[in-house]
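Scroll down for the structure; my scribbles are underneath it.
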Amino acid sequence: RWYMLTNAQPWDNLKFDEMGLDETRRKLFGTLYNTYNFFATYANVDAFDGNNFDSFKYGKIVELSKRPEIDRWIISLLHSLIKEVDADLSNYEPTNAGRKIFEFVDKHLSNWYVRLCRRRFWKGDKNEDKLAAYQTLNECLVTLSKLMAPIAPFFADWLYGNLNKVTQAENHLSVHLAYFPKAQEAAIDQGLEQRMSYAQRITTLVLSLRKKEAIRVRQPLQKILLPVLNEAFKLQVQAVEDLILSELNVKEFEYVSDKLDIKKTDL
């Protein structure tokens, strides 16, 4: 009746941005599709069925504590995401939930975890490390399908169906019949999440400086000067120093005290 009285249309206040929609298609659905494609390609080659390889019957899930640090990091981040998305959906904030899923997929899962772990999937040997990589990525994809089911029902169901059809880990015909994930506090390591965040931000910053100075990544550099804001920050960076140096093709770090007259970088 209100619309009839004011001549307003129900779609007048809707906001629709074609460019924003295309960005979501590319960065969320496109990236997640490519990540699944990467997983499925090598899982088919290695005959991975969710827990084992056909020629390597390990017989159980590799314990989280026995997986490499990067596996423990992405699983920790995944369970932190479960808590945040659950809270947002409970508060009727699907937009916030969607943005957090978007960031996890684009920034962390695809552009960091999969990129750094590609060789673990490529190598021919079927061992516990390779099995852990498959199990970790499979868990991330299955959990993401459940998290995004309320806001992207068709894509989520397609992703879940493809994964569960092979593993048969759950007796559900659809993701919409599956239970919503529950965060496992024991899997969350905030210290690990923080130091990996430092690694990501330092890497992004130095790569931008390389681009600005037209210095390609394949050209090795002698050292990075990194301002030390406090001892805790230094210890966290040192824990992921080798990873950063490898990503940036730099030989060493030089930690500079913030007492010197050097501009501090907000990390």
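The values are calculated or read from the model by the stated rules, or taken from the named source; none is laboratory data. Note that the structure is predicted; figures quoted are calculated from it, not measured. Ideal geometry is used to build each Cβ from the backbone, glycine not excepted, and the neighbour counts take in all protein chains shown. SASA here: full protein model, heavy atoms, side chains in, ligands and nucleic acids out. Shrake-Rupley method; radii C 1.70, N 1.55, O 1.52, S 1.80 Å.
Observations
- If R0 is taken as 22 Å, the Cβ-Cβ distance between Lys234 and Leu116 corresponds to a FRET efficiency of 0.45.
- A straight chain from Lys165 to Arg99 at 0.36 nm per residue would run longer than the Cα-Cα distance by 20.9 nm.
- Accessible surface of the chain, 1.4 Å probe, proportion on carbon and sulfur as whole %: 51 percent
- Taken about its Cα centre, the chain carries a charge dipole of about 660 debye when Lys and Arg each add +1 at the Cβ and Asp and Glu each add -1 at the Cβ.
- Theoretical gain in end-to-end length, Asn37 to Leu209 [0.36 nm per residue, Cα-Cα removed]: 58.7 nm
- Dipole of the chain, positive direction: furthest Cα of Thr35, Asn52, Ala156, with charges on the beta-carbon: Thr35
- Listed residue pairs exceeding 22 Å between alpha carbons, taken from Lys60/Lys126; Lys27/Lys100; Lys66/Lys130; Lys123/Lys223; Lys212/Lys251: Lys123/Lys223
- Simple spin-label estimate for Leu173 and Ala47 gives 3.2 nm between the two label positions (7 Å along the Cα-to-Cβ direction from each Cα).
- For the chain, the share of DSSP beta bridges that are antiparallel, to the nearest 5, is 20%.
- Directionally averaged projected area (convex hull, Cα atoms, the stretch 119-267), nm²: 13.0 nm²
- Where the Cα pairs of the chain fall when distances are cut into 10 Å bins, in %: 6, 24, 30, 22, 12, 4, 2, 0
- Rounded, prolate or oblate (a/c below 1.5 giving rounded, otherwise prolate when a/b exceeds b/c) for the stretch 115-179 by Cα gyration tensor: prolate
- Where labels lie 7 Å past Cα in the beta-carbon direction, separation of Glu18 and Glu193 in nm: 3.9 nm
- Taking only the C-alpha atoms of the stretch 48-150, Rg followed by Dmax gives 14.9, 47 Å.
- Farthest toward positive dipole pole in the chain [+1 Lys/Arg, -1 Asp/Glu at C-beta], among Ser65, Ala87, Tyr255: Tyr255
- Debye intensity ratio in log₁₀ form over the Cα atoms of the stretch 158-216, taken at each q of 0.17 Å⁻¹: -0.75
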